[in-house]
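I have placed the structure first, in the form of structure tokens, so that the comments after it can refer back to it.
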Amino acid sequence: MSIIIEENEENPLPIAVTIGEPSGISVEVILKTWFKRQEFDLKPFFVIGSPDILQKQAAHFDIHVPISTITTPRQAIHVFENTLPVIDINQGSTFTFGVAVPDTTQMVIRSIDKAVEYILAGEARAMATAPIHKAALYDAGFTSPGHTEYLGSLCEKHSSDKCHPVMMLASEELCVVPLTIHTALKDVPGLITHKLLIKTIGTIHEGMKKYFGLDAPKIAVSGLNPHAGENNSMGTEDSQIIAPAIEALKKQGLRVTGPMPADTMFHKTARAKYDVALCMYHDQALIPIKTIDFDAGVNVTLGLPIVRTSPDHGTALDIAGKGLANPTSMINSIKLADRMSKHLPVPEIAEDHTNE
């Protein structure tokens, strides 16, 4: 049973931040984000991971960030202004800048698991995930292609609903979704189906309505081939698979256009005509947004029963420990998680008034 929040009432629960790969820049951007909390008017968040790692890296970077260990997420509300709240999951605290080692993989995975548990239990309202190093996780038995797919399987484990997680990259200038994500380019055409297009566009439509306040979101769909196939002279996928799916969704009342030639979709005038673009493969979506706004983009997962955002960058092992990491994307991740979740209903559980 939940309390319905009025439109002008904000959800008071904190945002969960996962620690990410400590050998990269994840902890550095978290520390810098808390340090800039007042400048960017950030709402309370807490980190799930190792207080020891956070303290060691704060000292290394000479960033004045007092760390406080908390035992429940709601305690973060009371201490956030003066200290960075951390829930210790007791999974190790060793790291080496620039080298992802197996010792920390269980902490990285457990941090993600706990964030999902806290949100579904009504103890946190959203999660912002710091970057993970997938190669190190694969060596430890991690089987999902990435964060997005792993979160989908986690949520299904805790819910009776079937999830269709969709990765959206968002910035003030552009929002894009890749239909296929971590797959070889040669395999993309075979993965583009009527069913996948219908499900993905439907998920985008519902997500933009629910979290971004758009009653009728405008969705532009790219073609797969150059010039969207140019009357089948450069492939038939655009006319035989993509176009029929778009027409079927238009008949359902969705505002969908395409297939559009990808090379003319992303200049300023074209972007003004839609709210989000669906592209057929990874680089077709990510090249434009990273060109337009490399440092500020945010990774958003639609199609889950939880709000999840993440910086649109990796662990950057090459600059780890050098103090060069830009926290803008992490700051924007937490701000966007706040925006998407601030009016969600709060489960009716006992208030935690602990103040320590």
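Given the structure, is THR269 touching a Phe, Trp or Tyr at 6+ places or on another chain (Cβ under 9 Å) and without any contact (Cβ under 8 Å) to a residue 40 or more places away in the chain? It is false that THR269 is touching a Phe, Trp or Tyr at 6+ places or on another chain (Cβ under 9 Å) and without any contact (Cβ under 8 Å) to a residue 40 or more places away in the chain.
Under the condition of being without any contact (Cβ under 8 Å) to a residue 24 or more places away in the chain and part of a helix (DSSP H, G or I), which residue from the stretch 128-148 is nearest to the chain's Cα centre (by Cα)?
LYS134
Go through the stretch 96-126 residue by residue and tally those that are closer than 19 Å to GLU28 by Cβ, touching a helix residue (DSSP H, G or I) at 6+ places or on another chain (Cβ under 6 Å) and among the aliphatic types (A, V, I, L, M). Of the residues in that region, 1 qualify. The residue pairs whose first member lies in the stretch 321-333 and is touching a residue at least 40 places away in the same chain (Cβ under 8 Å) and of a type outside the set (A, V, I, L, M), whose second member is in a helix (DSSP H, G or I) and open to solvent by 10 Å² or more (accessible area, probe 1.4 Å), and whose beta carbons are closer than 9 Å, counting only pairs six or more residues apart or on different chains, are GLY321/HIS60; GLY321/PHE61; GLY323/HIS60; GLY323/PHE61; ASN326/LYS32; PRO327/LYS32; PRO327/PHE35.
Summed over the stretch 189-229, residues that are free of Cβ contacts under 8 Å to residues at least 60 places away in the same chain, open to solvent by 20 Å² or more (accessible area, probe 1.4 Å), over 21 Å from HIS282 (Cβ atoms) and in contact with an Asp or Glu (Cβ under 9 Å, 6 or more places away or on another chain) total 2. Can you spot a residue in the stretch 262-269 that is in contact with a strand residue (DSSP E or B) (Cβ under 6 Å, 6 or more places away or on another chain) and among the aromatic types (Phe, Trp, Tyr)? No, the stretch 262-269 contains no residue that is in contact with a strand residue (DSSP E or B) (Cβ under 6 Å, 6 or more places away or on another chain) and among the aromatic types (Phe, Trp, Tyr).
For the stretch 242-312, list the strands (runs of 3 or more DSSP E) that sit wholly inside it and hold at least 3 residues that are closer than 18 Å to ILE219 by Cβ, open to solvent by 20 Å² or more (accessible area, probe 1.4 Å) and at pLDDT 95 or above; which are they? Step through it out loud before you land on a result.
Numbers: elements: 255-260, 276-279, 298-302, 308-311.
Output list reads 255-260.
Only residues that are farther than 21 Å from ASN11 by Cβ and surrounded by fewer than 18 Cβ atoms within 10 Å (Cβ to Cβ) were counted in the stretch 68-87, giving 5.
Scanning the stretch 103-127 for residues that are in a helix (DSSP H, G or I) and of a type in the set (Lys, Arg) gives ARG110, LYS114.
Of the residues making up the stretch 215-230, not a single one is in contact with a Phe, Trp or Tyr (Cβ under 6 Å, 6 or more places away or on another chain), part of a helix (DSSP H, G or I) and over 23 Å from THR105 (Cα atoms). As a summary of the residue check, ALA100 satisfies the conditions (1) touching a His at 6+ places or on another chain (Cβ under 9 Å); (2) surrounded by fewer than 23 Cβ atoms within 10 Å (Cβ to Cβ); (3) not polar (S, T, N, Q) except for the one numbered (2).
I need the full set of residues from the stretch 199-258 which are more than 16 Å from TYR274 (Cβ to Cβ) and of a type in the set (Asp, Glu), in order please. GLU206, GLU230, GLU237, ASP238, GLU247 - these are the residues of the stretch 199-258 that are more than 16 Å from TYR274 (Cβ to Cβ) and of a type in the set (Asp, Glu).
Does any residue of the stretch 262-269 turn out to be touching a helix residue (DSSP H, G or I) at 6+ places or on another chain (Cβ under 9 Å) and closer than 30 Å to VAL29 by Cβ? Give the steps one after another, and end with the answer.
Let us first name the residues in the stretch 262-269 that are touching a helix residue (DSSP H, G or I) at 6+ places or on another chain (Cβ under 9 Å), namely 262-266.
Then drop every residue that is not closer than 30 Å to VAL29 by Cβ, which leaves 266.
Among the residues of the stretch 262-269, at least one is touching a helix residue (DSSP H, G or I) at 6+ places or on another chain (Cβ under 9 Å) and closer than 30 Å to VAL29 by Cβ, which makes the answer yes.
Does any residue of the stretch 81-94 turn out to be closer than 15 Å to GLY20 by Cβ, out of contact with any helix residue (DSSP H, G or I) (no Cβ under 9 Å at 6 or more places or on another chain) and not basic (Lys, Arg)? No: zero hits.
The values are calculated or read from the model by the stated rules, or taken from the named source; none is laboratory data. Only a predicted model underlies this, so the values are computations on that prediction, with no experimental measurement involved. Glycine also receives a Cβ, built like all others from the backbone with ideal geometry; neighbour counts cover every protein chain displayed. Surface accessibility is based on the protein's heavy atoms, side chains included, excluding ligands, DNA and RNA. Shrake-Rupley method; radii C 1.70, N 1.55, O 1.52, S 1.80 Å.
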